[in-house]
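To start, the structure itself, in structure tokens.
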């Protein structure tokens, strides 16, 4: 265990993977914040504080801001989770520290830009570009893994 | 390898992570069960057993019970996956066994309560509270990771 | 680290997990391809290239082909992510290489069949069967983990 954690690539991976996973995780309370301020809930039991039955029904709606944060969260699930899974396997294949750091840094920076561009609806390609660069980063690590370890 | 698996924190993590991931995984057949009993499908090819074309069309609908299980499943993807990813990195940083066990136990218990509260539509905060406590557990592990390993 | 990567089960896991995670990851650009060719976007800023305001509004729609790829992607998130998480923990418990390879191969082949069956809307059970077999593969690894490591 001590040996494992002495590895600098793994240390760098642990750092960046934790940061970007925490960012993803925080999309959930952010969605909850929008649901509460926009009074737009998905479950009847969440709208139980409405005064009249009509009030309660009205709160069971979709709201554009809530849906936007949810799409951003979904994109994180589709991008960040593969990065962490592939990144861990990549770190185990023993890449150069500088190459590994480049991958980790580019991906994490891209995902922060992507989140800001998505939630604040900035004009394209401010959201599409970091998405694609992040994708290429993960594909590049995947290519490197299959190139150095391949047991079918 | 043998050394790795001798580590008690990692053993505890493997146990709890497997249990809660299997729980998450079983939301998929649970959704399928609701789709079949409620006759509410998303794909035309799933409704091919309908007798008349009208019957088949009628089965392409959304059903409140199906949607509820799906939301619960989605919340698992948003909460359980980060827990397992962060929890693994946390286990690698060599925490105390008792502190680690506390985190793993609280999270897993919270997620089982969350699932029951969600699927059976129990009044709040029976769903919101375990969600938040589970979130705090994962954040706490993330904080601990960044505190002990930080290579940017 | 060198010891870890010398382990053949882990090498096999890394290979198959990388392949199936990359497959899942590529569902995102596939969805983007359908969104662009079907002119069906979820965000107003993605339809900014429309000539008239009416044109832009028209592009904010759901399209059956886009929704189909998205459902397939979602099923990957629900199936592939648990496979990779459980598979990694399973690889750490030191199973036989042949048993491990059987699990990894069956799962990965099932998911490729599932994707083709889903996106091209092949008649059932060409999609349901590989889904269930893949699920059983993951459950089987989960059972094996809890049978060999159990620290509650």
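Laboratory data are not the source of any read-out in this text; all were calculated from the coordinates shown. Predicted model, so just to flag it, every value in this text is computed and none were measured. Glycine also receives a Cβ, built like all others from the backbone with ideal geometry; neighbour counts cover every protein chain displayed.
Computed over the alpha carbons of the protein assembly as shown, Rg followed by Dmax gives 21.9, 66 Å. Considering only alpha-carbon pairs that sit under 8 angstrom and 6 or more positions apart, the relative contact order computed for segment B:1-77 is 30 percent. Reported to the nearest whole Å, the Cα centre-to-centre distance from segment B:101-152 to segment A:102-152 is 28.
Residues considered: C:56, C:23, C:39. Largest GNM mean-square fluctuation over chain C, using C-alpha springs under 10 Å, is found at C:56.
When both segment C:35-70 and segment C:75-90 are represented by their alpha-carbon centers, they are found 32 Å apart.
Considering only alpha-carbon pairs that sit under 8 angstrom and 6 or more positions apart, the relative contact order computed for segment B:85-134 is 34 percent.
If you run the Gaussian network model on chain C, springs between alpha carbon atoms under 10 Å, then out of C:123, C:53, C:82 the most flexible one is C:53. Annotation: Cα Rg of segment A:61-125 relative to the compact-globule expectation 2.2 N^0.38 Å equals 1.39. Shielding value for C:66-79 is 3, the average number of Cβ atoms from other chains within 10 Å of each residue's Cβ. Distances between copies of residue C:5, taken at a point 7 Å out from Cα along the Cα→Cβ vector and listed shortest first: 2.2, 2.2 nm. Take residue C:99, push a point 7 Å out from Cα through the beta-carbon direction, and compare it with the same point in every other copy: 3.5, 3.5 nm, smallest first. Across peptide B:12-20, the average count of Cβ atoms from other chains found within 10 Å of a residue's Cβ is 6. The Cα atoms of segment A:25-152 define a convex hull whose projected area, averaged across directions, is 10.0 nm².
Axis angle, to the nearest 10 degrees, between helix B:128-148 and the longest C-alpha principal axis of chain B: 40 degrees. Look at the stretch A:99-106: the mean tally of other chain Cβ atoms within 10 Å of its residues' Cβ atoms is 1.
In percent, rounded to a whole number, the relative contact order of segment A:39-152 is 25, using alpha-carbon pairs under 8 Å and six or more apart. Across the identical copies, the label point of residue A:61 (7 Å from Cα in the Cβ direction) is separated from its matches by 2.5, 2.5 nm, in order from shortest.
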